[in-house]
Amino acid sequence: MIAPIRFAAVLLIVISMAGNARAGKNDTPPSPGPGLDELIATALAENPDLKAAEERLHLYEHKIIPAGSLNDPSLSFSFSNYPVDSFSGNVFPMSGKVVKLSQDFPFPGKLAAKTEIAEQQAKWYRALLAEQQLQLTRQVKDAYYALVYVGRAVSITEKNMKLLDDFIRLSEANYEVGKGQQQDVLKAQVERGKLLDRLYNLRQQRLTSLANLNRLVNRPSVTAVAEGTDPAIAAMDTPLEDLQEKAESRRPMYAAYRSLIDRYQAQHKLAELDYKPDFKVGLAYTFREPNMADSGTDFAGIEVGINLPIFRDKRDAAASEAEAGTRMALAQYNDFRNQVLFNIQDAYSQVQTNHDQAKLYKTGIIPQASQALESAINGYQVGKIPFLNLLDNLMTLYTFELQYHKAVSDGQRSLARLEAESGQTP
């Protein structure tokens with residue numbers, strides 16, 4: 001009576017497992033800790049690399065005002081025309097103490113060009129910050145769904161190991177009463193060993209995935225995460241052409257490259273203006289002492305000067321540098337656009353493929369595999385199917401369950417990539 005009792009218990013477990021597989025359920029209770037939305041918010045607020053990018057933006061924003069400001073004026077004091085034999089200020093009429101105030105003025109347009117260069121540089125880093133936020137959101141989603149899949153794989157593997165233990169006890173009981181073969185017992189034990197080896201690897205992967213996710217949100221590596229219920233099967237309703245067309249206005253890196261082009265154009269404008277002279281205006285006041293020629297009337301003076309931009313080679317080089325920079329930025333812009341169009345199409349097709357695969361497993365393959373397992377159990381019960389066929393059906397269902405959850409996880413990860421590539425912010 002031992003074998004039939006054990007077999008009935010195993011049958012109930014298998015039927016329950018098959019029902020869960022058809023429904024796509026997961027009986028693992030959710031882990032404590034924040035969910036995906038909270039993780040994304042925490043990452044955007046606490047990620048150290050993102051904070052560094054924010055401070056880098058502030059650094060370049062603070063460069064704008066100095067770039068468009070005049071140099072500080074110069075104030076000087078001198079003793080003018082004092083005789084070297086006595087250094088007396090009341091002997092000669094040209095002797096006096098001179099106070100001079102001067103200011104440099106760049107050629108009109110130069111300060112505006114420098115301001116434009118600094119502003120475009122700040123725009124570049126502002127767009128990089130927005131791009132980094134977009135990519136960080138994607139990375140958190142990717143790490144989260146990778147963790148969810150490994151968690152499901154661990155749960156499914158543990159469940160199948162328990163079921164295999166019952167199958168092993170069943171095969172041993174049948175072998176003891178002469179209804180089974182020793183190879184049935186050995187084969188079941190080998191399969192359990194293989195599952196145990198996979199379980200070790202999956203648990204290690206789970207720790208690694210958890211540590212990677214916590215790294216992104218700037219938390220201790222072993223902090224728990226709420227994995228929640230099974231993720232939905234990813235789907236994208238927006239046509240591919242719309243995603244590609246709107247990416248140029250949504251993706252921050254497009255704005256970054258446009259600011260880079262504008263920056264080199266402003267740099268070229270400044271290089272052209274550098275052929276023009278800068279100006280210098282000064283005011284001087286001479287304090288004189290009474291002397292033999294007069295009563296020491298003070299002198300006042302004004303000066304205007306310009307620099308002479310006669311060394312044209314360096315100015316030609318600066319203009320050529322700006323032109324080359326503009327061409328480089330345009331080429332980078334076009335290359336980036338082509339790469340984004342390809343990435344969107346690739347991610348879009350991956351989402352569709354993962355969606356179709358998950359649907360196929362959930363509505364077709366897994367129910368059929370479950371039915372095949374139930375049929376094998378019934379056949380084994382009446383002696384029409386050998387134990388190895390029963391074991392093979394169990395492992396087949398296990399493999400399909402893993403592949404289903406892998407397709408769901410990969411679909412969500414591909415969807416996160418598609419959102420990031422097309423510049424969508426859910």
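The values are calculated or read from the model by the stated rules, or taken from the named source; none is laboratory data. Note that this is a predicted model, so its numbers are computed, not measured. Cβ sites come from the backbone with ideal geometry, for glycine too, and all protein chains shown count toward neighbours. The protein model used for the area step is the full one, side chains on, heavy atoms only, and it has no ligands, DNA or RNA in it. Shrake-Rupley method; radii C 1.70, N 1.55, O 1.52, S 1.80 Å.
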Furthest towards positive pole of dipole, A67, A127, P48, structure part region 42-137, Cβ charges: A67
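Defining a contact as two alpha carbons under 8 Å apart and six or more residues distant in sequence, what relative contact order in percent does region 225-307 show?
Computed over region 225-307, the figure is 21 percent.
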Ordering of 191-202, 291-302 by burial proxy (mean other Cβ atoms within 10 Å per residue, highest first): 191-202, 291-302
Among A226, A407, P386 the positive-end extreme of the charge dipole of the chain (Cβ point charges): P386
Net charge dipole size for region 244-371 [Lys, Arg +1 and Asp, Glu -1 on Cβ; Debye, nearest 20]: 880
Rounded FRET efficiency, nearest 0.05, which uses the C-beta distance separating R250 from E55 and R0 of 25 Å: 0.45
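For region 36-133, what relative contact order do you get, as a whole percent, if you take Cα pairs closer than 8 Å and at least 6 residues apart? Mind showing how you got there, number by number?
Working: 84 pairs, mean separation 36.9, N = 98.
Answer for region 36-133 is 38 percent.
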Accessible area of the chain divided out per residue, in Å², using a probe of 1.4 angstrom: 54
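Hey, can you list the DSSP H helices of the chain whose Cα span along the axis is 30 Å or longer and whose average Kyte-Doolittle score is at least 1.0?
Qualifying helices, which must be both long enough and hydrophobic enough, are 2-23.
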Amide N of region 94-129 lying under 14 Å from the label point, which is placed 7 angstrom from the Cα of Y285 along Cα→Cβ: 97-102
Pair-distance profile P(r), taking every C-alpha pair of region 140-258, with 5 angstrom steps and integer %: 2, 9, 13, 11, 10, 11, 11, 9, 7, 5, 4, 3, 2, 1, 1, 0, 0
Within the accessible area of the chain (1.4 Å probe), percent carbon and sulfur: 55
Charge-dipole axis of the chain as Lys and Arg at +1 and Asp and Glu at -1 on Cβ define it, positive-most pick from F92, T353, F79: T353
Label-point separation in nm, F311 to D37, each point 7 Å along Cα→Cβ: 6.3
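Using only the alpha carbon atoms of the chain, find the Kirkwood hydrodynamic radius as the inverse mean reciprocal pair distance, in angstroms to one decimal. Don't skip to the answer; put the middle values down first.
On the way: mean 1/r = 0.0349 Å⁻¹.
Result for the chain stands at 28.7 Å.
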Packing-based ranking, highest mean first, of 323-334, 359-370 given that Cβ atoms within 10 Å are counted: 359-370, 323-334
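Cβ neighbours within 10 Å, averaged per peptide: list 258-266, 89-97, 407-415 in order, most packed at the top.
The packing order, highest mean first, is 407-415, 258-266, 89-97.
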Region 294-299 - phi-based ³J(HN,Hα) in whole Hz, Karplus 6.51/-1.76/1.60, Gly and Pro as x: 7, 8, x, 5, 6, 10
Charge dipole magnitude, Cβ of K and R +1, D and E -1 - the chain, Cα centre, debye nearest 20: 1080
Distance (nanometres) between label positions extended 7 Å along Cα→Cβ at V99 and L75: 0.8
Label-point separation in nm, F107 to E321, each point 7 Å along Cα→Cβ: 1.7
For region 244-312, size of Cβ-based charge dipole, Lys and Arg +1, Asp and Glu -1, in debye: 700
Rg/Rh (Cα only; Kirkwood hydrodynamic radius) as it applies to region 346-426: 1.24
Label-zone membership for region 259-292, site F336, 7 angstrom Cα→C-beta point, backbone N under 13 Å: 259-264
